[in-house]
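Step one of this worksheet: look at the structure below.
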Amino acid sequence: MKFAVRRDHLARALDDWQARGLLASDVADRLRADLGSANSGSAELAAASETNFARFALMAGAVCLGLGAISFVAANWDVMARGVRLILVLGVLWLAWGGAGLAAWRGWSTRFEALAMLATLLFGAAMALVSQIFQIQGEIDALLFLWAAGALTGALLARARGALAVAVLLIAAWDISGFDRGGLDAQDALVLGGLAVAACGAWAWRAGFAGRLVLVGLFVWAIGVLLRLDVSPAAVVLGMTLLPGAGAVLLWSWAGPRHLHGVEAEALGEALAVLWIGLLALFLLAAEWDYGLGEARGLLPAALPGMALATVALWLGRDGPVRYDLWVALVVVVLTGLVTALPAGPWPRAALILAVPVWAVRMGGRHGLTGLRRLGMLGFGAALLMIYLQTVGSLLGTAGFYAGAGALLIAAAWGWRRWGRG
Amino acid sequence: MMRVALILLVALLHSAVVLWGVLDHARLIRSGTEVVLKATAVDPRDLLRGHYATLRLAISEVPRGLPGMLPGALPLAGSPIWVILAPGADGVWQATGIAAADPDGVAIRGQLLSEYGDTLSIEFDIARYYAPRDRALVLEDAMRRDSVAVILALGPDGQAALRGVVIDGVRHMETLF
C-alpha cells in the first residue's frame, strides 16, 4: 500500500511537471514506464483500496459479531445454569489456547503471541468468573498467586514472550497485594524465584520487553522490602549507588559484547529512571533523611560496591566508544554516594536530579539512543517542575528559581546544540 | 508438533486449576456440616468479580470471656483461630468458644485480626455473596434490617463454603451446577 501511494504521488507529480513544462514529454514517458506505466499505478492503487476496504469490512464485521456474542452472553448470564457458564468459560479459554496452538503450528508468530497473551489473561478471568459463579470465597492475593503461577508455567511451556510479560506483571501485582505482610517471608522467596525464572526465559528467547519488566518487578519488590523492613540508611546508599554502577556495566555491555542481547539500552534507561526517582525522594525528604543520618555515621563505604562496578566497567571499556560516558557514570556514582550518605540538604540533590537527565540526553544523542534521549528530556522537564513546586514560597523564591531554571535551560539548549545530535 | 502439544498441555493445566477450585468447593458443599449464622453487610463491588454483598458474620466479634477459652495467651494477630459453634434455640448457630488449634466438634476457621478490650475481632473466608447488582442491593437492604443469615457448609478442619442465604426466614440455596 505504501509503495502504491508513493507511486501515485509520483505519477501526479510527473503530470504536473510535464504540464508546467518542467519535464520533457519523452523523459516523463520514460519515467512513467519505469513506474509501471501511468495508469497501472492508479489501477493498482484502486485495487489495493478495494482490498483494504474488504479487509476493513471483514474486521469490522468480526468485531460486530464478537460484540453481539458478548452482549448476548452478558444479557443471559444470570439465567444460564452454572454448568453452562462453566463450560462457556472453559470453552473460551480452550478457544484461545487452541488458536495459539494453530498459530504456532502454522508459524504465524504475531498471531500466536497475541492469542497466547489473550489466553493468559482469560485464565485469570476464568478463575475470577468461576469464583463468582460458584460463590467460592477467597482473597484477591490467592487468585493473583494462582494466576501468576499459571501464567508463568504457560508462558514457559508455550514459549510465549507476550504471556511471559503478563506473567511478570502478575508476579509484581501479587507482590504488591501482599504488601502488608511483615518482614521477609516465603512470598518474597516465591516472588524472587518467579522473577528469576522469568528472567531466564526472557534471556533465552531474547524477550526484551519481558526482561525489562523483570527489572521493574525487582524494583517494586526492593522498594517494598525497604519500606517493610525499616531498612538502615546504609542499604539505601548501597542501592542508590549500585544503580549508576549497574548503568555503567550496561553501557559497556551495550557498546561491546551485548550480553543482554541489546536490551542494555532500555535497561540503562530504567536504571537511570529509578536512580532519578530515588534522588527525587531524597530531595523531597531531605530534612527527614538528614535527621536520620545524624545517628548513622560512616555510610560512605556502602557506596564502594557501586564504585567498584563503575570502575570495572570503565576498565573494560577503556578503549571503547563509550569511554567518556563511563567516566561520567563513575562521577555520578561518587556524587550519588555523597548526597545520599552525607547530610547534604536539598540543593545538591536537586542539582543531581537535573544533572542525571542531562547526562541521559547527552549520552542518548552521542550514541543514537533515541529512547534514552527522550527519557532524559522527560526527566529534565519533570525535575524542573518538581523543583519549582518545592521552591514556590521558599527562601529561594519563585523569581530566583525562574532565573536559575532559565539559565539552566539555556545551558541545556547550548549543550543540546553541541552534543545532542552527536 | 511438540510445541502444539505443549500449548495444549498449558490449556489442560489452566483448565485443571479452574476445575480444581470448582470441585473442591463442590466437595465441601456436599459433605460439610451445615450451620446457620447471622450476618450483616456493607458495600458491594469488585473490580474483577463483579457485584456482591459484603458479608460480615455476627461471630466476627466474640467476647473473650466465653467458656472454653484459650488456656494461655492469645495467638498473634494474623494467626489462624477456630470459633466453636453450637445451634441456638432459633436455629441460628452461636459462638461458644475459641481455640488456637483445630478443636473437636463443629468449628469455623478464621484469622485473628485484633483484640481490643474484652472483644476479639476475627476475619473469616466467608466475606462475599456474589449476585447481580439488583439482587445484591436487595440482600443488603435485608441485612440492614437484620433479617439475613448465611448457610455454611463446614469441613472437618473448619474450612467454610457458602451453601445459601436466609432472607426474612426464607432459605435461598445455591445450586452446584
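The values are calculated or read from the model by the stated rules, or taken from the named source; none is laboratory data. These numbers come from a predicted model, not from an experiment. Here Cβ is always computed from backbone atoms with ideal geometry, including for glycine, and neighbour counts include all displayed protein chains.
Out of A:Ser131, A:Ser109, one residue alone is among the polar types (S, T, N, Q) and touching a Gly at 6+ places or on another chain (Cβ under 7 Å). It is A:Ser131.
When A:Ile136 is tested against the conditions (1) hydrophobic (A, V, I, L, M, F, W, C); (2) touching a residue at least 12 places away in the same chain (Cβ under 8 Å); (3) buried (at least 19 other Cβ atoms within 10 Å of the Cβ), the lone failure is (2). With respect to the stated conditions, A:Val333 fails to be within 23 Å of the chain's Cα centre (by Cα), buried (at least 22 other Cβ atoms within 10 Å of the Cβ) and modelled with pLDDT of 90 or more.
The set of residues in region A:79-95 being without any contact (Cβ under 8 Å) to a residue 40 or more places away in the chain, in contact with a helix residue (DSSP H, G or I) (Cβ under 7 Å, 6 or more places away or on another chain) and at the interface with chain B (Cβ under 8 Å from one of its Cβ atoms) consists of A:Leu90, A:Leu93, A:Trp94. Would you check if B:Arg64 is basic (Lys, Arg) and either over 22 Å from the mean Cα position of the chain (by Cα) or modelled with pLDDT under 85 (or both)? Judged against the criteria, B:Arg64 is a match.
Output the number of residues of region A:317-350 satisfying the condition of being under 16 Å from A:Pro244 (Cα atoms) and part of a helix (DSSP H, G or I).
In the first step, residues of region A:317-350 are kept if they are under 16 Å from A:Pro244 (Cα atoms); the result is A:317, A:322-341, A:349.
Okay, now just the ones that are also part of a helix (DSSP H, G or I), so A:323-341, A:349.
Residues that pass the stated criteria total 20.
For region B:157-172, which residues satisfy the criterion of being away from chain A (no Cβ under 11 Å) and over 19 Å from B:Asp90 (Cα atoms)? Across region B:157-172, the qualifying residues are B:Asp157, B:Gly158. For A:Gly397, state whether it is surrounded by fewer than 18 Cβ atoms within 10 Å (Cβ to Cβ), at pLDDT 85 or above, over 16 Å from A:Ala286 (Cα atoms) and assigned by TED's automatic domain parsing to the domain that holds A:Ala267. No: the conditions fail for A:Gly397.
One residue stands out in region A:124-133 among those that are over 29 Å from the mean Cα position of the chain (by Cα) and at the interface with chain B (Cβ under 7 Å from one of its Cβ atoms): the one that is surrounded by the fewest Cβ atoms within 10 Å (Cβ to Cβ), namely A:Gln132. Are any of the residues in region A:109-123 at the interface with chain B (Cβ under 8 Å from one of its Cβ atoms), in contact with a helix residue (DSSP H, G or I) (Cβ under 8 Å, 6 or more places away or on another chain) and surrounded by fewer than 20 Cβ atoms within 10 Å (Cβ to Cβ)? No, every residue in region A:109-123 fails to be at the interface with chain B (Cβ under 8 Å from one of its Cβ atoms), in contact with a helix residue (DSSP H, G or I) (Cβ under 8 Å, 6 or more places away or on another chain) and surrounded by fewer than 20 Cβ atoms within 10 Å (Cβ to Cβ).
Listed by first and then second residue, the pairs with beta-carbon distance under 8 Å, at least 6 apart or on different chains, first residue in region B:12-37 and more than 10 Å from every other protein chain (Cβ to nearest Cβ), second part of a helix (DSSP H, G or I) and among the β-branched types (Val, Ile, Thr), are B:Leu37/B:Ile59. Please verify whether B:Leu9 is surrounded by 14 or more Cβ atoms within 10 Å (Cβ to Cβ), modelled with pLDDT under 85, outside any loop (DSSP other than H, G, I, E, B) and within 11 Å of chain A (Cβ to nearest Cβ), treating the condition exactly as stated. When the stated conditions are applied, B:Leu9 does not pass them.
For residues in region A:53-90 being surrounded by 12 or more Cβ atoms within 10 Å (Cβ to Cβ) and not β-branched (Val, Ile, Thr), which is modelled with the highest pLDDT?
Taking region A:53-90 and keeping what is surrounded by 12 or more Cβ atoms within 10 Å (Cβ to Cβ), we get A:73, A:77, A:80, A:82-90.
Going one step further and asking which of them are not β-branched (Val, Ile, Thr), we end up with A:77, A:80, A:82-83, A:85-86, A:88, A:90.
Details: A:Trp77: 72, A:Met80: 81, A:Arg82: 85, A:Gly83: 87, A:Arg85: 87, A:Leu86: 90, A:Leu88: 90, A:Leu90: 93.
Only one residue fits best here, namely A:Leu90.
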